[in-house]
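Colleague: Please find one structure pasted underneath; my questions will follow.
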Amino acid sequence: MAEYSLTTPLTDEDMVQLKAGDVVKLTGTIYTARDAAHKRLTDLLDKGEPLPFDLKGSVVYYVGPSPAPPGRPIGAAGPTTSYRMDTYAPRLHSLGQKASIGKGKRSEEVKQALKDNKAVYFGATGGAGALLSMCIKEAKVIAFDELGPEAIRELTVEDFPLLVINDCHGGELYAVPNRKAAGL
Amino acid sequence: MRTIKAETVIDAVAKMCVSANRYLPEDVRKRFEECAAAEDSAAAKEVFRQIKENWELAEKSGLPLCQDTGLAVYIVDVGEDVQVEGMTLREAITEGTRKGYEEGYLRKSSCDPLTRKNTGDNTPAIIHFDIVPGDRIKITFMAKGGGSENMSRVTMLAPAQGWEGIKKYVIERVAEAGPNPCPPTMVGIGVGGTFEYSALLAKKSLMRKVGEPSPDPEIAKLEAELMEDINKLGIGPMGLGGKTTVFDVKIEMRPCHIASLPLAVNIQCHSSRHEEVVL
């Protein structure tokens, strides 16, 4: 397991070196989007309209932060469960998105899209919302303000701690449940 | 008949919403320290380290532990000899939720199921009332996150499937959920009653403190057995492998129809936030 410091936008070269289990400290600009925002992005693509941010080399963080208290750019901001975005992710990867950040398993379609487009799936620690918030230096809503916690935000992050869960070579980090040992 | 002012209820509920979202209860912290010490793998230890750093930071910074500050779920025991003055108890709890989630900078996660439009104030809250003897009101609050709730299930087994069937179903559910519900998780199990009642039993079981077994020694034995077997799955903290897939298992049981064996599995993430107040 290697450790890397990467800066956005991410490139093919950044992605091919990563293997499941590697630790990555990410710095730069990332975009938040969860369920409702993904639906809106897809609707824009269907209509041939421009997206609120450039997908090329982008990192999408599956998060719906809590409101920012006074003196902080953002509230708690840990990852949400990723499988709900699986329907939308392959299309976004095919248009240049290089990574997503979330927690939990991905579909076979997403794993294939990671291979096809030299992209990765990063895991962040779910429930560590206060801890991860500390790595977010700036936050501003750039689209769909009316969606509240589901609006798209542009975040400036510094040394955001990530684990490579699925790499672009077919590697996966999650433990396979030992059903036999558990008596199934 | 004792009378409690609605304001008293509102303030107590609002305070609970805020503090439960910022302070991980002592029973949970204690269990995590034990689990962390028992883990061998670096990844599992690292997750527990981050969980601990997170609860320390939440306390210091005033940020909630998790951005998913949940749907507000309440189990309320209402004494037969007490009444609320000014508004109904349901209205007062709703108002307290609205106030707590707004003033505490907590995320509002309640939305229309189809249009997905956010209600904007985290209401309606989920409130379960029980009428009990006495002149007090006990309100237990739980901030229930969506990620772990989504991994929960209700099923109707055949009576012949018995304890073996229950065990298999629960273990398979935890295996299928894998890393999704933010393990280590707590598993609440409702056995018996009717279809809807089993789910309520499962939810209520999660309100029991960590490390507090069922008062029924036979059920306590089943809880321990199930916890040991589930942990053999090796899913581990955040699904990265390890000994702690679940940090507690609770079972609530009650009689059911002779034709039925209702079973509900309610999963609770590691950010197990609950608090209670007696008025």
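Colleague: Sorting B:270, A:169, B:128 by accessible area (1.4 Å probe), largest first, what list results?
Modeller: In descending accessible area the options line up as A:169, B:128, B:270.
Colleague: When Lys and Arg each count +1 and Asp and Glu each count -1, what net charge do the other residues less than 12 Å away from residue A:137, Cβ to Cβ, add up to?
Modeller: Summing Lys/Arg as +1 and Asp/Glu as -1 gives -2.
Colleague: Could you work out how much longer the chain between residue A:23 and residue A:1 gets when fully extended? Use 0.36 nm per residue separation minus the Cα distance between them, nm to one decimal.
Modeller: Result for the pair: 7.2 nm of gain on full extension.
Colleague: Let me ask something else about it. Which whole-number percentage describes the relative contact order of the range B:94-221, with Cα contacts under 8 Å and a sequence gap of 6 or more?
Modeller: Once divided by the residue count of the range B:94-221, the mean separation gives 15 percent.
Colleague: Report the B-A buried area as the accessible area lost on both sides summed, probe 1.4 Å, in Å² to the nearest 100.
Modeller: 3400 Å²
Colleague: Counting pairs of alpha carbon atoms under 8 Å apart in space and at least six apart in sequence, what relative contact order in percent does the range A:1-79 give?
Modeller: 29 percent
Colleague: How much length would be gained if the chain were fully extended between residue A:56 and residue A:42, taking 0.36 nm per residue of separation minus their Cα-Cα distance, in nm to one decimal?
Modeller: Here the segment from residue A:56 to residue A:42 would lengthen by 3.5 nm.
Colleague: Also, quick follow-up: At 1.4 Å probe size, with the rest of the protein present, what percent of the exposed accessible area of the range B:1-120 is carbon and sulfur atoms?
Modeller: 51 percent
Colleague: Moving to a separate point now. Please report, in Å, the Rg and the Dmax of the protein assembly as shown, where both are computed over Cα atoms only.
Modeller: Looking at the protein assembly as shown, its Cα Rg and Dmax stand at 22.3, 74 Å.
Colleague: Divide by every residue of the protein assembly as shown the summed helix terms, -39500 (n - 2.57) for each DSSP H run of at least 4, and state the resulting mean residue ellipticity at 222 nm, rounded to the nearest 500 deg cm²/dmol.
Modeller: The helix contribution divided over the protein assembly as shown gives -10000 deg cm²/dmol.
Colleague: Right, next: If you add up the charges near residue A:39, with Lys and Arg at +1 and Asp and Glu at -1, over every other residue whose beta carbon is less than 15 angstrom from its beta carbon, what do you get?
Modeller: Residues close to residue A:39 contribute a combined charge of -1.
Colleague: What share of the DSSP beta bridges in chain B is antiparallel, in percent to the nearest 5?
Modeller: That works out to approximately 55 percent antiparallel.
Colleague: I need the per residue convex hull volume for the range B:96-248, using only the alpha carbons, in cubic angstrom as a whole number.
Modeller: Hull volume normalised by residue count: 162 Å³.
Colleague: List the residues of the range B:84-127 that lose 10 Å² or more of accessible area once all protein chains are present, compared with their chain alone (1.4 Å probe, heavy atoms only, no ligands or nucleic acids).
Modeller: B:105, B:107, B:108, B:116, B:118
Colleague: Right, next: Leaving ligands, DNA and RNA out of it, rank B:250, B:99 by accessible area with a 1.4 Å probe, largest first.
Modeller: Descending order: B:99, B:250.
Colleague: Still on this structure, I have one more. How many angstrom separate the Cα center of the range A:99-169 from the Cα center of the range A:68-98?
Modeller: That distance is 5 Å.
Colleague: Something else: Of B:207, B:222, B:193, which is farthest along the charge dipole of the range B:193-238 in the positive direction, counting Lys and Arg as +1 and Asp and Glu as -1 at C-beta?
Modeller: Farthest towards the positive end: B:207.
Colleague: What's the whole-number percent of alpha carbon pairs in chain A lying beyond 29 angstrom?
Modeller: More than 29 Å apart: 17 percent of the Cα pairs in chain A.
Colleague: Expressed as a fraction of 2.2 N^0.38 Å, the rule-of-thumb size for a compact globular protein of N residues, what is the C-alpha radius of gyration of the range B:59-125?
Modeller: Cα-based Rg divided by the globular estimate yields 1.31.
Colleague: Taking the DSSP beta bridges in the protein assembly as shown as the whole, what percent of them are antiparallel, to the nearest 5?
Modeller: 55 percent
Colleague: Here is a further query. So for the pair residue B:1, residue B:60, with labels modelled 7 Å out along Cα→Cβ, what separation do we get in nm?
Modeller: Distance between label points: 5.2 nm.
Colleague: What number, in percent, do you get for the relative contact order of chain A if the mean sequence gap of Cα pairs under 8 Å and at least 6 apart is divided by its residue count?
Modeller: 29 percent
Colleague: May I ask you to compute the full-extension gain from residue B:121 to residue B:19, defined as 0.36 nm times their residue separation minus their alpha-carbon distance, rounded to one decimal in nm?
Modeller: 35.0 nm
Colleague: Next question. Taking the simple approach of a point 7 Å from Cα along Cα-to-Cβ for both residue A:145 and residue B:88, what is their distance in nm?
Modeller: Going by the 7 Å Cα→Cβ label model, 3.7 nm.
Colleague: Let me ask something else about it. Given the pairs A:47/A:115; B:30/B:168; B:52/B:209; B:15/B:144, which are separated by over 21 angstrom at their Cα positions?
Modeller: Result: A:47/A:115; B:30/B:168 exceed 21 Å.
Colleague: Leaving ligands and nucleic acids out of the surface, order B:257, B:274, A:38 by accessible area at 1.4 Å, largest first.
Modeller: Listed by decreasing accessible area, they come as B:257, B:274, A:38.
Colleague: What is the sum of charges around residue B:109, taking Lys and Arg as +1, Asp and Glu as -1, for the other residues whose C-beta is under 13 Å from the C-beta of residue B:109?
Modeller: Here the count lands on 0.
The values are calculated or read from the model by the stated rules, or taken from the named source; none is laboratory data. Just so it is clear, the structure is predicted and the values come from calculations on it, not from any experiment. All Cβ positions, glycine included, derive from the backbone under ideal geometry; neighbour counts span all protein chains shown. Ligands, DNA and RNA are excluded from the accessible area calculation, which covers all protein heavy atoms including side chains. Shrake-Rupley method; radii C 1.70, N 1.55, O 1.52, S 1.80 Å.
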